[in-house]
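Working notes for the structure below.
The values are calculated or read from the model by the stated rules, or taken from the named source; none is laboratory data. Just so it is clear, the structure is predicted and the values come from calculations on it, not from any experiment. Note that each Cβ is placed from the backbone with ideal geometry, even for glycine, and that neighbours are counted across all protein chains shown. Heavy atoms of the whole protein, side chains included, go into the accessibility calculation; ligands, DNA and RNA do not. Shrake-Rupley method; radii C 1.70, N 1.55, O 1.52, S 1.80 Å.
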Amino acid sequence: MTARPVVGLLTDFGPGTEHVGALHAVIAAACPAADRIDLAHDVPAGDVRAGAVLLARLAALLPAAVHVAVVDPGVGTERRAAAVALAGGGALVGPDNGLLAPAAAALGATAAVALAAPEGPAATFHGRDLFAPVAARLAGGAPLTSLGEPFDPATRVAPDLPAPDVAADRLLAEVLLVDRYGNVQLLAGPADLERAGFTRGDRISATVSGTDRPHPVTVARAFGDVARKGMLVHVDSHGMVALAVNGGDAARRIGAEPGRTITLARWPVRSTP
Amino acid sequence: MTARPVVGLLTDFGPGTEHVGALHAVIAAACPAADRIDLAHDVPAGDVRAGAVLLARLAALLPAAVHVAVVDPGVGTERRAAAVALAGGGALVGPDNGLLAPAAAALGATAAVALAAPEGPAATFHGRDLFAPVAARLAGGAPLTSLGEPFDPATRVAPDLPAPDVAADRLLAEVLLVDRYGNVQLLAGPADLERAGFTRGDRISATVSGTDRPHPVTVARAFGDVARKGMLVHVDSHGMVALAVNGGDAARRIGAEPGRTITLARWPVRSTP
Amino acid sequence: MTARPVVGLLTDFGPGTEHVGALHAVIAAACPAADRIDLAHDVPAGDVRAGAVLLARLAALLPAAVHVAVVDPGVGTERRAAAVALAGGGALVGPDNGLLAPAAAALGATAAVALAAPEGPAATFHGRDLFAPVAARLAGGAPLTSLGEPFDPATRVAPDLPAPDVAADRLLAEVLLVDRYGNVQLLAGPADLERAGFTRGDRISATVSGTDRPHPVTVARAFGDVARKGMLVHVDSHGMVALAVNGGDAARRIGAEPGRTITLARWPVRSTP
């Protein structure tokens, strides 16, 4: 007998909702042996790129599992539904709208199939009626090719993850996520900080798009490097550039939210383009 | 050895709360083999009828499971606590305040027992101290009749689920639920739309009780049938009539919330009675 | 073969977040046999003492389990990371900042080890990178002493849980928690009510610190002892003194939130010091 199959679930349905419960119920009914794991359900509604980044992060912790991901603002349109086999033995199941691509790229896609939409009325709940059943079949050992029409995994839709705009003394990046503590995660990594020439201890400014108010922020390694209620920019535990306030809420202080652009600049402040 | 027992949990305790954790802990301690499934925990606080409809929907996905449901504004009063055996081999456990009736009706109740309230102080947490232990015993194979005093399952309390008021060119229905995306689910089905004479493509109006502002809405099959930000009325993935905005939030637009009445009417607008 | 290991999880990460998902994924990967239970994830952010009280309550339901708890505003500072063995066979894993002490005291600590911080960048996610792996190892049967440097469990940091200030006709206590229904749980027990001389049926006043408005409240045993929308003070299902409104929200009515002090006093009202 093989190991217990594992199914990860990631959605924008909201924690504790009936929609999440329906996925669990469908998977439990079709594959009772599966260990179902809630990876995240608080993805901002319809935010495919946030879901894509979270899926890549979390699926990396369970590379041999089947992950079903549903952030699907285009349900009912012509977007493709897909299942992707991974090099580590796992699989990804969900809409091919950019949600699966970073995880597939990180873990290595070896094959992909397009899933036929379930028959019936237009207002179908694809999570319950398509993606969860497919995930349960994969978890139960069904071969990928039995589930749909093969396509080249390299043709998957890529998500909208703009690279930061970096120059000397200046880094422009979009906000990816704001967490419960008000930490603001940017679409930028440590190499971008370095290219901008920002080093530990520098006092720079952070300005949110749509405002012209620069906020002082210290380039730091840890929260303890700044005074209580001081704002820092650091590389967070996911390897991304993030703004935080020691003992406070950075997002609230500067008015940051997903999709906004943040300009980090050396004083004197340059205006956001 | 038989299959692994499954226990579904549905409450209005709120996702991730200690109250939900307590139910899990009690069930895990008393029936370690059980696969516990969070069906929904975001039922609006004290909203028995919303819980009842969700339980009927979700229990149908796992008809052989034991489901413990707690939406219990009357805890500590004389309401009966019940366990109900289902035709499919499963059971329902919870307060007999209307919460269990639709699921029992849909799945077929074969027997019922009244559960004695736990002894001790008045401020008892019946979920933790009564319903979860009973669910664990049922999941572990205890016969229903060992758990309480039998009563006729037909005498269960029915929830307050008012039928819509339908006439030609006019449908009045209560709002059952508003989800995270702002979709507004009404206590009405496709047959009611048909009786009102509303068919696909019709442009009608939706007016919320307590306001006199009609909003334009298109009778549609899918979100894609209306322009972006357009409002539609359609039959949703649960077979219920629902209002939605393509790429937007219908509840916020029209000010809908559970318990309000919505009038769908053919233009020219008739005033809400 | 022994019983299936159980791992409880309690955090302030928020329900359904990627952070909770990461703990589950790490534990599932390292100890696939473990039954993981979400005890609570809605602890107010950084509220160590609320987390400590909840952990003590919930761990008592599963005394033989390994519980990983993370409410850790001091992550990255010099606070100790600990694993504590319990008399019942279970263990506690988390920051030694007061979070573990009440559960350890209630369940009996038999040994403790200090855990070395994971190597790498400062911005380490100790839940994912330290506490969850240690919990998984304990669940898998690793001996406590293999995980860190022993220390005397009696030297654990105690949380800030101020005793109530009680005199005749007067009880001052801090608010510990406000739940979803607006019930206000105080850091006081039934003996404190008794020492103040408050008995069932007394009509007294409740005043929140920072306001000078006394609200009428009845000392009661159950919600049904007061009129609908009436406020009561009672001993709740956790054995703590709590304010509640029958069919309403006590916290909203009086403006209570965690950390505020509430004065219960016999009319005529005495001013809050």
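The residues of the range B:107-132 that are more than 14 Å from every other protein chain (Cβ to nearest Cβ), at pLDDT 95 or above and outside any strand (DSSP E or B) amount to a single one, B:Gly108. Filtering the range C:100-144 to residues that are open to solvent by less than 10 Å² (accessible area, probe 1.4 Å) and of a type in the set (Val, Ile, Thr) leaves only C:Val113.
A single entry from B:Val226, B:Val219 fulfils the requirement of being among the aliphatic types (A, V, I, L, M) and touching a Phe, Trp or Tyr at 6+ places or on another chain (Cβ under 8 Å): B:Val219.
Within the range A:18-52, the only residue that satisfies the criterion of being assigned to a strand (DSSP E or B) and among the basic types (Lys, Arg) is A:Arg36. What number of residues in the range B:30-52 are free of Cβ contacts under 8 Å to residues at least 60 places away in the same chain and either open to solvent by 10 Å² or more (accessible area, probe 1.4 Å) or in contact with a helix residue (DSSP H, G or I) (Cβ under 7 Å, 6 or more places away or on another chain) (or both)? Adding up the residues that qualify gives 12. Residues considered: B:Thr199, B:Thr263, B:Thr211. Of these, the only one that is more than 23 Å from A:Gly14 (Cβ to Cβ), of a type outside the set (A, V, I, L, M, F, W, C) and outside any loop (DSSP other than H, G, I, E, B) is B:Thr263.
Close Cβ contacts (under 7 Å, 6 or more residues apart or on different chains) running from residues in the range B:143-158 that are assigned to a strand (DSSP E or B) to residues that are hydroxyl-bearing (Ser, Thr, Tyr) are absent. Regarding the range B:222-230, can at least one residue be identified that is open to solvent by 10 Å² or more (accessible area, probe 1.4 Å), more than 26 Å from A:Gly120 (Cβ to Cβ), assigned to a loop (DSSP other than H, G, I, E, B) and free of Cβ contacts under 8 Å to residues at least 24 places away in the same chain? The answer is yes, given that some residue of the range B:222-230 is open to solvent by 10 Å² or more (accessible area, probe 1.4 Å), more than 26 Å from A:Gly120 (Cβ to Cβ), assigned to a loop (DSSP other than H, G, I, E, B) and free of Cβ contacts under 8 Å to residues at least 24 places away in the same chain.
Annotation: A:Val93 fulfils all but one of (1) over 23 Å from A:Met240 (Cα atoms); (2) more than 12 Å from every other protein chain (Cβ to nearest Cβ); (3) free of Cβ contacts under 8 Å to residues at least 24 places away in the same chain; the unmet one is (3). Which residue is nearest to the other protein chains (Cβ to nearest Cβ), if the candidates are limited to the range C:231-245 and must be touching a residue at least 60 places away in the same chain (Cβ under 8 Å) and open to solvent by less than 10 Å² (accessible area, probe 1.4 Å)? Per the stated criteria, the residue is C:Ala244.
Just one of the numbered conditions (1) within 28 Å of C:Asp129 (Cβ to Cβ); (2) loosely packed, with under 15 Cβ neighbours inside 10 Å is not true of A:Arg253: (2).
Scanning the range B:21-47 for residues that are within 21 Å of C:Gly182 (Cα to Cα) and more than 13 Å from chain C (Cβ to nearest Cβ) yields a total of 0.
The residue that is most open to solvent (accessible area, probe 1.4 Å), among those in the range A:53-99 that are basic (Lys, Arg) and not in a helix (DSSP H, G or I), is A:Arg80. Among residues of the range A:1-15 being at the interface with another protein chain (Cβ under 7 Å from one of its Cβ atoms) and open to solvent by 20 Å² or more (accessible area, probe 1.4 Å), the one that is farthest from B:Phe13 (Cα to Cα) is A:Ala3. Taking the numbered list (1) surrounded by fewer than 19 Cβ atoms within 10 Å (Cβ to Cβ); (2) small (Gly, Ala, Ser); (3) not in a helix (DSSP H, G or I) in turn, C:Ala173 passes all entries but (1).
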